[in-house]
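Participant: Provided herewith is a single structure, encoded as structure tokens, for subsequent inquiry.
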Amino acid sequence: MDKIKNTLQDSADDLVFFVNGKKITERNADPEMTLLTYLRKTLGLKGTKLGCAEGGCGACTVMVSKYHPRRHRIINHAINACLAPLCSLHHCAVTTVEGIGSVASKLHPVQERIAKAHGSQCGFCTPGIVMSMYALLRNNPQPTMHDIQEAFQGNLCRCTGYRPILEGYRTFTKDGGCCGKGGSNGCCMANGYTQDPVNANSTLPAQKLYDPSEFMPLDPTQEIIFPPELMSLSKQPQRELRFMGERVLWIQPGSLKELLELKAAYPNAKLVVGNTEVGIEMKFKNLLYPVILAPAYIPALNSIQHTRDGIKVGASVTLTRLGDVLRETVKNLPTQQTEVFKAVLEQLRWFAGQQIRNVAAVGGNIMTASPISDLNPVFMAAGCKLTVMSKGGERVLEMDDKFFPAYRKTVLRSDEILLSIEIPYTRKGQYFSAFKQSPRKEDDISIVTCGMNVCFQERSNIVQNIRISYGGMAPVTVLATTTCNRLLNRQWNDELLQDACTILADEMSLSPSAPGGMVTYRRTLTISLFYKFFLTVQQKLALDLQKEGIVVEHIRPDYASVTELFQIDSPSSVQLYQAVPSGENGEDVVGHPVMHLSALKQATGEAVYCDDIPCYENELHLALVTSTKAHALIKSIDTSDAMEVPGVVTFLSAKDVPGSNLTGPIIYDETVFADDKVTCVGHIVGAIVADTHAHAQRAAKAVKIDYEELQPVIVTIQDAISHNSFYHPVRTIKSGDVAQGFKDSDHILQGEIHIGGQEHFYLETNCTIAVPRGEDGEMELFVSTQSASKTQALVAKALGVPANRVVCRVKRMGGGFGGKESRSTILSTVVAVAAQKVKRPVRCTLDRDEDMLVTGGRHPFFGTYKVGFMNNGKVMAVDVTLYSNVGNSMDLSLSILERALFHMDNSYNIPNIRGTGYMCKTNLPSNSAFRGFGGPQGMMIAESWMSDVAHSCGLPAEEVRRLNMYKQGDLTPFNQRLDQFTIDRCWVECMEISDFSKRKSAVEQYNRQHRWTKRGLSIIPTKFGISFTAVFLNQAGALVHVYTDGSVLLTHGGTEMGQGLHTKMIQVASKTLEIPSAKIHITETSTNTVPNTSPTAASASSDLNGMAVYNACQTLLQRLQPYKDKNPKGGWEEWVKTAYFDRVNLSANGFYKTPDLGYNFDTNSGRAFNYFSYGVAVSEVEIDCLTGSHKNLHTSIVMDVGKSLNPALDIGQVEGGFMQGLGLFTLEELKYSPKGYLYTRGPGMYKIPAFGDIPVELKVSLLRDAPNEKAIFSSKAVGEPPLFLAASAFYAIKDAIASARAESGLTGPFRLDSPATPERIRNACEDRFTKLCPPAEPGTFTPWAVQV
């Protein structure tokens, strides 16, 4: 490498490109640097965000424009800046969110609409979504709703639930914001937004959350032009370019000849076009490729030719371009010729996201040789021809089962490159299908993928030729040759089907320990997907032969839905809330749908998050060194290699902690750095400090730790039970006489359910900047945390200084959800210790994979229950035991377990109930707070036994639930009386707006008419207690300064993480002081303005801080009252000035504590909660019984939020919470190895809901006339309560599965664990295909992943 370096030192080229219209000439372009790093660190453009570094979340989306001389036009594409190598941008124009508009100058309509439609909460994903939309509009100024949904396939948002984003951007479509229902049939336009499109008999008027008529129009002529200089540069003949970095040489050859010569000279060089694979290998697999060849712009590799046999596509052609060409061809050619093209297009619909498809090359997909490639099985089944070339000449290969000799290997020699692929035409009597099954429909890697190709003898149903190829069933893409050979010359009928399934089950076997797990499901899928193909072909064949007068059997009408391709429907929605009469004081904005105060800044990229703070002059970067073993002694740490990495300053470990190495949010059972023992994979052992983030990370990976492994390694709840590994205390809540209750019951049933954990996946990972102030041990911290005071306290403890020397400041977070309540301190303490040691500012922003590894998530729970009930479904007694997987330290787990027990009854009045809770001590990173805080797990177990009771009685579940529901004045198991009980009102309204009874009969009819797709319907209530369960936390402070010009600076103890807390606090202050909200400002939350704050958590922040703000404002009003009385006609500014000259204190602090709280577990007495929030949801889903996929068709939610402070924010919380719950109960699955290693460490493996997962129809109503006198201005908490309502989708899925099982003669209760993933749904829909793939006996093998 050094030899290469020396020869190149002088000849490296300049990289020339434009950013936001400004020319950039980079003399030292580093091939390892991404565009994102360059934008943020070199150019200081912080609007583009780092969310995952693997192209899976879209937070880093920018638009790249390039003039293509061969196509004579400028191409605009959205791309992921986190993957795009800087060197790939020669002669490109980059547009970032800053380049299209700003609050300071002028907003772009794309920025304005997402903000005003309430589509930005924490705002961290907003710039990426804005840029995806912007790129779409640059290519298509009047898109359809389908175009918009497709453009967002590569973008994720964790806060909003997506609905407001789609709705705001619907206004750009041809229909201009119409819901698409057409005519007067409930169309949103037909009723001018005033009449409610809920249903015909409803009397509730729909209100608007914003007015689309205020939006600026889109004027395509005003966009930034493509730089003319680039246009002329792009027309010049290509020449070879070379860029040399610290470790990597990047060569962009100018011609095919140069490329072949380079490949001969550097046979191990990687060819990179989109960097969507190599970029990930270099980052996450720690691989290094010293030479990279970039053939993206070589004409021969970009050509597309129509040949006699098909279409020949150059290997550098992007997937987007391939899709465009194939779509055009399908339109113009007879349908029998384009079967393979249609299959490729079907796979491309679900291939990654738009940003990846825009840059990823066809050749890259083939040569990566991934066993789960979406396209390779299609190419293999079609028998595509590949032209490969070297300096010595070219050869043509067929893609068959010999093309991939081993895992991620092809038969190409090291000096050969793939030149092109020829995708063949099909002929009459030939049928082709491709299928992909993945956990989530959009932007997901496949579990099993396949291509299937059959040719029939002329005018018959006799198989002449058949090729079936699978991905995900071996280390390589495979052909099912045995099966295919046995099907030749046979009639396409049920007998062939039976044989094919039996042979496939045998041929496509997998070891029970196979990587990727899900073995039974994958084996079943191979057969289920073949069955789909069989029916699709049978249907087409019957129709085609019928035209020729030949009659073969048609498929049964109730099987027809199997042959339909998955369609994404355009979503429609309704939001209902009680409008505040406009007659009230014009300054009073409480109760109005005010936009989030930072939304516009967030949409332009001007909102500052922790890592956006400009670098200090002498700042250093920190990277963590973490354990690779789950339970081991540390024998030695060797840092010699690490210290040799350029730029490294120091390594820190336990001995460098100046104060106490002990830490923890409540009890000090954790360490800042592991001392002599590690107790989980991801345990922080040390840290490297270096001059750049890249150097620090490279050095951290070079630290070698020698371990002595310890036994046992306890990973799962079952492990903990068998090893009796529990934390103390064990908690119990008991009410009534359980034993007597069981005696009085007609029936008793027992059951169990496991509820998986959940990763927070806040879009902004944990970040801390520590700045030592150089005197008296002072330190200033900028942290992304929900708990500024806890951070201050634990940092002071680690540094060995009093808390008054440490200031912690929080401007805003890019999402928190509980994940930054206590776990953010594990990073802050480390960074502070480092800054203290090197006496310079130190910054650390965790990468997504590190964040997911070290911070823990929602507690997995296992519940066992015994229920006694009467014939009519009335539950008499329940005995439930809860086990939570706590991890390697206590953290907040006791409070979480207590909340789970407080919610074990959900909304049901059970006369005799006992709940016992155990905390399992395991070798996993400590689990922590997560929206709901144990409540959803406790209620999920309650709904599980409630659903079993309904199944056992054979009664409709909604009747059994209603029969057992609480009434006004009832007592809970912890002896709290339910007053202001509104759940029955929510239930009635929810039944009405969802049209439940009509919907139910429609579902029953659908299920009678369809065998392989089923629908399910469910209604679920929730009751959520509001207060911290630790009494001392129910307090808050505020500080209000009034300046002499009349402006007001407000500070309170809560932090802003997207929930709109600052917006609500300004509304409260504005109403109390009776001044316009424009006069009030909040800068940040900091420990030197309001001390000893509680974390922003437990949904109680508006209640607590709102009252504290109110209290401070009242104090100020009292002081100003004499001046108002003297001068009643004066204004606010006048009164303030007069008071100031009269030497009145214009600063006041406020305080509030929630009264009468304090529950005692020993006596089962005292008030646990200040009040309860209530809600009810109805959901309808459709499942595919053959693959386990499901579709959310409808959800109606009625939520009691008291008198809403801000309906726009509250509806945003309801929808966002619901979608997060939908992830928890139907999609998100953490995968751990039996040794405690986390596999799911980024959006590639861990799937949160995407745009396509929102219910097709979503109605949200805030209950009217339900004031709550226990909180500020009669409002109610709203953050956590709605999350559990997503259980309605889970139980709708369970309802649909029950209908499928009934077809196989299976009735009665069955176990369905959460989340209801496609795997669990498919395995529960037992049928003749699942019988062919029985699971291996547990204990006879080591599984790839375990249920923790």
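Participant: Report every pair of residues separated by at least 6 positions or lying on different chains whose Cβ atoms are under 7 Å apart, first residue within region 613-642 and over 27 Å from E1084 (Cβ atoms), second open to solvent by 60 Å² or more (accessible area, probe 1.4 Å) and in a loop (DSSP other than H, G, I, E, B).
Facilitator: A630/K1235; L633/D676; I634/D676
Participant: Just to check your reading of the model, which residue among A1298, A1277, A1316 is in a helix (DSSP H, G or I) and over 25 Å from S509 (Cβ atoms)?
Facilitator: On the way: A1277 fails: in a helix (DSSP H, G or I); A1316 fails: in a helix (DSSP H, G or I).
One residue alone meets the criteria, A1298.
Participant: Can you name the number of the only condition in (1) part of a strand (DSSP E or B); (2) touching a Phe, Trp or Tyr at 6+ places or on another chain (Cβ under 7 Å) that S1261 fails?
Facilitator: Here S1261 meets the rest and fails (2).
Participant: Quickly run through region 56-112 and pick out the residues that are open to solvent by 20 Å² or more (accessible area, probe 1.4 Å), among the charged types (D, E, K, R) and closer than 17 Å to K601 by Cβ.
Facilitator: E98, K106
Participant: Any chance you could count how many residues in region 431-464 are in contact (Cβ under 8 Å) with a residue 60 or more places away in the chain, of a type in the set (S, T, N, Q) and part of a strand (DSSP E or B)?
Facilitator: Initial filter on region 431-464 (in contact (Cβ under 8 Å) with a residue 60 or more places away in the chain): 431-454, 456, 459-461.
Of the ones still in play, those that are also of a type in the set (S, T, N, Q) are 433, 437-438, 446, 449, 453, 460-461.
Then keep just the ones that are part of a strand (DSSP E or B); that gives 433, 437, 449, 453.
The number of residues fulfilling the criteria is 4.
Participant: Do any strands (runs of 3 or more DSSP E) entirely within region 345-430 hold 2 or more residues that are out of contact with any helix residue (DSSP H, G or I) (no Cβ under 6 Å at 6 or more places or on another chain) and surrounded by fewer than 20 Cβ atoms within 10 Å (Cβ to Cβ), and if so, which?
Facilitator: 385-390, 393-398
Yes or no, residue by residue, for (1) touching a His at 6+ places or on another chain (Cβ under 6 Å); (2) without any contact (Cβ under 8 Å) to a residue 40 or more places away in the chain; (3) not charged (D, E, K, R):
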site	(1), (2), (3)
P515	no, no, yes
V519	no, no, yes
T536	no, no, yes
L541	no, no, yes
D544	no, no, no
K547	no, yes, no
H554	no, yes, yes
V562	no, no, yes
Q567	no, yes, yes
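Participant: Now for a separate question. Can you tell me which residue among T34, T61, T42 is at pLDDT 95 or above, among the β-branched types (V, I, T) and more than 23 Å from T320 (Cα to Cα)? Can you show your working first?
Facilitator: Numbers: T34 fails: more than 23 Å from T320 (Cα to Cα); T61 fails: more than 23 Å from T320 (Cα to Cα).
The unique qualifying residue is T42.
Participant: Does E898 satisfy the criteria of being modelled with pLDDT of 95 or more and buried (at least 19 other Cβ atoms within 10 Å of the Cβ)?
Facilitator: Here the answer is yes, as E898 does meet what is asked.
Participant: Something else: Return only the number of the condition from (1) in a loop (DSSP other than H, G, I, E, B); (2) in contact (Cβ under 8 Å) with a residue 24 or more places away in the chain; (3) open to solvent by 50 Å² or more (accessible area, probe 1.4 Å) that P1128 does not satisfy.
Facilitator: Among (1) in a loop (DSSP other than H, G, I, E, B); (2) in contact (Cβ under 8 Å) with a residue 24 or more places away in the chain; (3) open to solvent by 50 Å² or more (accessible area, probe 1.4 Å), the lone unmet condition for P1128 is (2).
Participant: When you check T338 against the structure, is it farther than 30 Å from G1223 by Cβ, touching a residue at least 40 places away in the same chain (Cβ under 8 Å), open to solvent by less than 40 Å² (accessible area, probe 1.4 Å) and not hydrophobic (A, V, I, L, M, F, W, C), yes or no?
Facilitator: It is true that T338 is farther than 30 Å from G1223 by Cβ, touching a residue at least 40 places away in the same chain (Cβ under 8 Å), open to solvent by less than 40 Å² (accessible area, probe 1.4 Å) and not hydrophobic (A, V, I, L, M, F, W, C).
Participant: So which residues in region 1173-1226 are among the hydroxyl-bearing types (S, T, Y) and closer than 21 Å to S120 by Cβ, if there are any at all? Spell out how you get there, then give the answer.
Facilitator: Pass one, region 1173-1226, residues among the hydroxyl-bearing types (S, T, Y): 1173-1174, 1179, 1187, 1189, 1195-1196, 1204, 1226.
Hit for region 1173-1226 is S1204, nothing else.
Participant: Of all the residues that make up region 112-145, how many are within 25 Å of F17 (Cα to Cα) and in a helix (DSSP H, G or I)? First the steps, then the outcome.
Facilitator: Of region 112-145, the ones within 25 Å of F17 (Cα to Cα) are 127-140.
Pick out the ones that are also in a helix (DSSP H, G or I) and you get 127-139.
Within region 112-145, residues that are within 25 Å of F17 (Cα to Cα) and in a helix (DSSP H, G or I) number 13.
Participant: Restricting to region 1103-1124, and then to whatever is open to solvent by 20 Å² or more (accessible area, probe 1.4 Å) and over 19 Å from S1047 (Cα atoms), can you tell me which residue is nearest to the chain's Cα centre (by Cα)?
Facilitator: M1107
Participant: Right, another one. Scanning region 1321-1348 for residues that are outside any helix (DSSP H, G or I) and within 25 Å of the chain's Cα centre (by Cα), which turns out surrounded by the most Cβ atoms within 10 Å (Cβ to Cβ)?
Facilitator: V1348
Participant: Does P1282 meet the test of being in contact (Cβ under 8 Å) with a residue 12 or more places away in the chain, in a loop (DSSP other than H, G, I, E, B) and under 18 Å from L1222 (Cβ atoms)?
Facilitator: The answer is no for P1282.
Participant: Still on this model: Specify which of the listed residues (S1001, S997) is open to solvent by 50 Å² or more (accessible area, probe 1.4 Å), over 21 Å from M965 (Cβ atoms) and either touching a Leu at 6+ places or on another chain (Cβ under 7 Å) or of a type in the set (S, T, Y) (or both).
Facilitator: Every option except S1001 fails the conditions.
Participant: Look at V1260 and say whether it is under 30 Å from T1154 (Cβ atoms), of a type in the set (V, I, T) and either at pLDDT below 95 or in contact with a strand residue (DSSP E or B) (Cβ under 9 Å, 6 or more places away or on another chain) (or both). It would help to see each step written out before you state the result.
Facilitator: Values: under 30 Å from T1154 (Cβ atoms): yes; of a type in the set (V, I, T): yes; either at pLDDT below 95 or in contact with a strand residue (DSSP E or B) (Cβ under 9 Å, 6 or more places away or on another chain) (or both): yes.
The answer is yes for V1260.
Participant: Quick check on my filter: what residues within region 471-502 are open to solvent by less than 20 Å² (accessible area, probe 1.4 Å) and in a helix (DSSP H, G or I)?
Facilitator: Correct list: T483, C484, L487, L496, L497, A500, C501.
Participant: Just checking, does region 534-545 include any residue being within 39 Å of the chain's Cα centre (by Cα), crowded, with 18+ Cβ neighbours inside 10 Å and within 25 Å of T1340 (Cβ to Cβ)?
Facilitator: no
Participant: When you go through G815, G857, G757, G751 one by one, which is the residue that is open to solvent by 10 Å² or more (accessible area, probe 1.4 Å) and touching a residue at least 12 places away in the same chain (Cβ under 8 Å)?
Facilitator: The unique qualifying residue is G751.
Participant: All but one of (1) over 28 Å from the mean Cα position of the chain (by Cα); (2) under 25 Å from V562 (Cα atoms) hold for G472, so report the exception by its number.
Facilitator: Of the numbered conditions (1) over 28 Å from the mean Cα position of the chain (by Cα); (2) under 25 Å from V562 (Cα atoms), the odd one out for G472 is (1).
Participant: Which ones in region 679-726 are more than 17 Å from L924 (Cα to Cα), in a helix (DSSP H, G or I) and not polar (S, T, N, Q)?
Facilitator: H693, A694, H695, A696, R698, A699, A700, K701, A702
Participant: Answer yes or no as to whether V1090 is β-branched (V, I, T), assigned to a helix (DSSP H, G or I) and more than 30 Å from the chain's Cα centre (by Cα).
Facilitator: no
Participant: Hey, any hits in region 163-184 for a residue that's assigned to a helix (DSSP H, G or I), surrounded by 14 or more Cβ atoms within 10 Å (Cβ to Cβ), hydrophobic (A, V, I, L, M, F, W, C) and modelled with pLDDT of 65 or more?
Facilitator: So far as region 163-184 goes, yes, one or more of its residues are assigned to a helix (DSSP H, G or I), surrounded by 14 or more Cβ atoms within 10 Å (Cβ to Cβ), hydrophobic (A, V, I, L, M, F, W, C) and modelled with pLDDT of 65 or more.
Participant: Using the structure shown, decide if A957 is hydrophobic (A, V, I, L, M, F, W, C) and either open to solvent by less than 10 Å² (accessible area, probe 1.4 Å) or touching a strand residue (DSSP E or B) at 6+ places or on another chain (Cβ under 7 Å) (or both). Lay out the reasoning, then the answer.
Facilitator: Numbers: hydrophobic (A, V, I, L, M, F, W, C): yes; either open to solvent by less than 10 Å² (accessible area, probe 1.4 Å) or touching a strand residue (DSSP E or B) at 6+ places or on another chain (Cβ under 7 Å) (or both): yes.
Considered against the rule, which asks whether it is hydrophobic (A, V, I, L, M, F, W, C) and either open to solvent by less than 10 Å² (accessible area, probe 1.4 Å) or touching a strand residue (DSSP E or B) at 6+ places or on another chain (Cβ under 7 Å) (or both), A957 comes out as yes.
Participant: Same structure again: Evaluate region 632-647: report whether one residue or more is more than 30 Å from E708 (Cβ to Cβ) and at pLDDT 95 or above.
Facilitator: Within region 632-647, one or more residues are more than 30 Å from E708 (Cβ to Cβ) and at pLDDT 95 or above.
Participant: Sort through A694, A739, A687, A702 and tell me the only one that's open to solvent by less than 70 Å² (accessible area, probe 1.4 Å) and touching a strand residue (DSSP E or B) at 6+ places or on another chain (Cβ under 7 Å).
Facilitator: Only one candidate passes the filter, namely A687.
Participant: Look at A1078 and say whether it is surrounded by 24 or more Cβ atoms within 10 Å (Cβ to Cβ), more than 30 Å from the chain's Cα centre (by Cα) and within 26 Å of L1120 (Cβ to Cβ).
Facilitator: no
The values are calculated or read from the model by the stated rules, or taken from the named source; none is laboratory data. Predicted model, so just to flag it, every value in this text is computed and none were measured. Because the Cβ atoms are built from the backbone with ideal geometry, glycine has one as well, and the counts that use them run over all protein chains shown. The accessibility values were calculated without ligands, DNA or RNA, using every heavy atom of the protein model including side chains. Shrake-Rupley method; radii C 1.70, N 1.55, O 1.52, S 1.80 Å.
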